[in-house]
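Notes follow once the structure below has been shown.
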Amino acid sequence: MTSPIWWEFMASRQLTDARNLVDKFWDIVILGGGLGGLSLAVELSAAEFSGISVLVLEKREDYVRDRTWSYWANQSHRYSHLERHQWNQWCVSCEGVKHQLLSKDLCYASLDADAFYKAALDVIAASPNVVLRTNTAVDKVETPEPHNSSVTLLTGELVRARIVLDARPEPLTEEKGLVQQFVGWEVEAEQDIFNAEAVQLMAFEPAANGVHFFYVLPYSARCALVESTWICPAAWHPDFDSELRQYLTKIAGPIAYAVSYREQGVLALQGGSPGMPVKPGACVGLGRGGGALRAATGYAFIDTVGHARQIAKSLGAALRDGTQETWLPAAFRRSAIDRWMDDVFLGVLAQDWHRAPEYFMQLFGSVSPDDVVAFLTGRATWGQRLRIMRALPVAPFARQALLGRSL
């Protein structure tokens, strides 16, 4: 839930600062105050950037818990202390076959969005140089020349800036492409029904329209976030609530449970930014819209936070060198080989949805946990990538690699 104390304090500050919104020429304007936009705003709230004016424009009116971010926590980051839970075991299952993986060095972590929002907004509220304006929608962005951009709001207001970064996700279309879509319930049961030691990454269900699996984050034996997830064409609209009810009946039987929280999301699965500006007006993208979402997995948190840190580090170096007037932020870059492997993998899935669970089961069943996690997080060595390739059937993947992705 939204905390009225810190929210009212921040809202009063925004109202005062917003009066000078149009008259001021901003150094940096960030479009979108979600994970990507707030991560960068927090980085730019540091004392070394006190001379840099930053404006964040966000269309939502307030911040509440609306999602859960999960990732393999290979190393600590700015928000590690906010993690709700960690696990050292995870499993995948299909038609009675189960692979349970254990790692002493890797852990899977989950972080609730409201914890991140509160931490980020507290930092921004205390910053003298960063302003967040909510309930503000953007109409268009224009960059007639380098270091001179204009942002037109739906209200007709014109905001001028030296640099604009766009943290808004790309709009979804049902015409083409794949998505990962899900609905999750946080469930509190009257008796023990969950294995609190292991994350259920994928419990596959037979499906003709995509890859369908259930994902379970067990916070305890009686409390878990349970999600029904699909990798499928964007035009497919599953009956998520019915699927969740059936799954919970399957694992809990007659045990009563209550749903305390519900979340949903749709993620466009694409190969990722090749490192070029991807937004209108030559804006550099942040977060999902900037290519930080890993197409084969749907994970984006670590790369989004890391990209924000890299941008701030680059700006800090420019300030120390006295080159800030010509500085430009770098777009997020994912390796060409990982983007190619993601495209091939998604293409193979789309060619035969019935066999898709088999490929995942082969991967998790024959490759070490460290190798699988390295690949899923985009940090695999060439040796690990080769072991991933060898674990999958040659014919469909070789054919897709030769013919190209067709979705």
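The values are calculated or read from the model by the stated rules, or taken from the named source; none is laboratory data. What you see is a predicted model, and the numbers here were worked out from it, not measured in a lab. In this analysis, Cβ positions are derived from the backbone assuming ideal geometry, glycine residues included, and neighbour counts consider all displayed protein chains.
Within the group A380, A395, which residue is under 21 Å from the mean Cα position of the chain (by Cα), at negative phi, outside the structural domain of W230 (by TED's automatic domain parsing) and of a type in the set (G, A, S)?
Of A380, A395, the one residue that is under 21 Å from the mean Cα position of the chain (by Cα), at negative phi, outside the structural domain of W230 (by TED's automatic domain parsing) and of a type in the set (G, A, S) is A380.
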If we keep only residues of the stretch 308-323 that are in contact (Cβ under 8 Å) with a residue 12 or more places away in the chain and of a type outside the set (D, E, K, R), then the residue farthest from G36 (Cα to Cα) is L319
Any chance the stretch 339-346 includes a residue that's within 22 Å of the chain's Cα centre (by Cα), farther than 30 Å from N148 by Cα, among the aromatic types (F, W, Y) and loosely packed, with under 15 Cβ neighbours inside 10 Å?
yes
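The rows are residues; the columns are (1) of a type in the set (S, T, N, Q); (2) closer than 17 Å to Q181 by Cα; (3) under 11 Å from the mean Cα position of the chain (by Cα); (4) surrounded by fewer than 20 Cβ atoms within 10 Å (Cβ to Cβ).
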{"residue": "C283", "(1), (2), (3), (4)": "no, no, no, no"}
{"residue": "L293", "(1), (2), (3), (4)": "no, yes, yes, no"}
{"residue": "V305", "(1), (2), (3), (4)": "no, no, yes, no"}
{"residue": "I311", "(1), (2), (3), (4)": "no, no, no, no"}
{"residue": "A317", "(1), (2), (3), (4)": "no, no, no, yes"}
Looking at A109, A41 in this structure, which one is touching a strand residue (DSSP E or B) at 6+ places or on another chain (Cβ under 8 Å), farther than 26 Å from T326 by Cβ and of a type in the set (A, V, I, L, M)?
A109
Kindly state which strands (runs of 3 or more DSSP E) lie completely within the stretch 85-143 and contain at least 1 residues that are under 21 Å from F301 (Cβ atoms) and polar (S, T, N, Q).
85-87, 89-94, 108-112
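Step by step: first the residues of the stretch 231-259, then only those that are among the β-branched types (V, I, T) and either in contact with a Cys (Cβ under 6 Å, 6 or more places away or on another chain) or touching a residue at least 24 places away in the same chain (Cβ under 8 Å) (or both), then the one that is nearest to A203 (Cα to Cα). Which residue is that? It would help to see each step written out before you state the result.
If we filter the stretch 231-259 for residues that are among the β-branched types (V, I, T), which is where we start, we get 231, 249, 251, 255, 259.
So of that shortlist, the ones also either in contact with a Cys (Cβ under 6 Å, 6 or more places away or on another chain) or touching a residue at least 24 places away in the same chain (Cβ under 8 Å) (or both) come out as 231, 251, 255, 259.
Details: I231: 13, I251: 12, I255: 20, V259: 20 Å.
Among residues in the stretch 231-259 that are among the β-branched types (V, I, T) and either in contact with a Cys (Cβ under 6 Å, 6 or more places away or on another chain) or touching a residue at least 24 places away in the same chain (Cβ under 8 Å) (or both), the one nearest to A203 (Cα to Cα) is I251.
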Reported set for the stretch 41-55 where residues are of a type outside the set (S, T, Y) and either part of a loop (DSSP other than H, G, I, E, B) or without any contact (Cβ under 8 Å) to a residue 40 or more places away in the chain (or both) is L44, A46, A47, G51, I52
Checked against (1) of a type in the set (A, V, I, L, M, F, W, C); (2) modelled with pLDDT of 90 or more; (3) in a helix (DSSP H, G or I), L402 satisfies every condition except (2)
Residues of the stretch 83-112 classified as surrounded by fewer than 18 Cβ atoms within 10 Å (Cβ to Cβ) and of a type in the set (A, V, I, L, M), total
2
Determine whether the stretch 72-83 contains at least one residue that is in contact (Cβ under 8 Å) with a residue 24 or more places away in the chain, of a type in the set (D, E) and outside any strand (DSSP E or B).
yes
